[in-house]
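Enquirer: Have a look at the structure that comes next, please.
All of the numbers you see were taken from the coordinates with simple rules; none came from a lab. These numbers were taken from a predicted model, which means no experiment stands behind them. Quick reminder, even Gly has a Cβ in these numbers, built from the backbone with ideal geometry, and neighbours come from all protein chains shown.
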Amino acid sequence: MLFNNNLKTVFYPCCGLDIDSTLNILGEKSYNFIFCDIKHYNNWGVKQRPNSSVKFLKMDATEAISKLTKIDILFYRRDGTSEGGSGIEVLGDEYLSALFKKFPTSDGQIITDGSNAFGHRLDQLKLGTVRCGGYNIQLSKTQDFSKQGLINFLVSKGGQNV
Ligand SMILES: C[S@@+](CC[C@H](N)C(=O)[O-])C[C@H]1O[C@@H](n2cnc3c(N)ncnc32)[C@H](O)[C@@H]1O
């Protein structure tokens, strides 16, 4: 399916080979999926999902933000700083501030395992004390992906979401 402006866009930076599993995790709903990695992987290609679009961006994860018009959901997991990891602080202020420029004013989401959240960052995110780019991040009351070790956060401008 072609990119559909009426659907929410899921952006997954540093995705590597993690395509089918992600599509299965989020597969109950229809989305525009944007998978991004600095390398091209063999399992990238045509992915048929009913009522969803799937695109691949071989690009630096920071540069990719500027190429996208809208992002509703950040999906990010299993990254690191050792060999093979991006070392990018995707959950840090700088990256999130750039990302939130493409976010809606309410009902944005971050679904993550807390990769590359250094120091107390993940605790601060869970406590709801992180504010960047004019957006607040709150732990969602619904944790639909806990079985997969993923935490669901809500993102809203000015912090209207709880
Ligand atoms: C540890 S792997 C994680 C892959 C994936 N998240 C998973 O769950 O399997 C990190 C990935 O980040 C990619 N990477 C490294 N630097 C990057 C960059 N600057 N921009 C985008 N991807 C990058 C690597 O190519 C690698 O595929």
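Enquirer: Let me have the relative contact order for the chain, percent, based on Cα pairs under 8 Å that are six or more residues apart.
Expert: Numbers: 312 pairs, mean separation 30.4, N = 162.
Answer for the chain is 19 percent.
Enquirer: Also: For the range 105-114, take each phi angle, set θ = phi - 60°, evaluate the Karplus expression 6.51 cos²θ - 1.76 cosθ + 1.60, and give the result in whole Hz per residue in order, putting x for glycine and proline.
Expert: 6, 9, 6, x, 9, 10, 10, 8, 9, x
Enquirer: Hey, what's the Cα Rg ratio for the chain versus the globular rule of thumb, 2.2 N^0.38 Å?
Expert: So the chain has a normalised radius of gyration of 0.97.
Enquirer: Separation between the LYS70 and LYS55 pseudo-spin-labels, each 7 Å from Cα along Cα→Cβ, expressed in nm?
Expert: Taking the two extended label points, one gets 1.3 nm.
Enquirer: Would you pull out the residues with amide H under 5 Å of CYS36's amide H, same chain only if 5 or more places away, H placed 1.01 Å from N?
Expert: TYR12, CYS14, CYS15, LEU57
Enquirer: Further question on the same structure: In whole Hz, with x marking every Gly and Pro, tabulate ³J(HN,Hα) for the range 147-154 from phi via Karplus 6.51 cos²θ - 1.76 cosθ + 1.60, θ = phi - 60°.
Expert: 4, 8, x, 10, 10, 9, 10, 9
Enquirer: Measure off 7 Å from each Cα along the Cα-to-Cβ vector at HIS40 and ASP123, then give the distance between these two points in nanometres to one decimal.
Expert: If labels sit at HIS40 and ASP123, their model points lie 4.5 nm apart.
Enquirer: Hey, which lysines would be in cross-link range of LYS141, C-alpha to C-alpha under 29 Å, not counting anything within fewer than 8 residues on its own chain?
Expert: Correct list for LYS141: LYS8, LYS29, LYS70, LYS101, LYS102, LYS126, LYS157.
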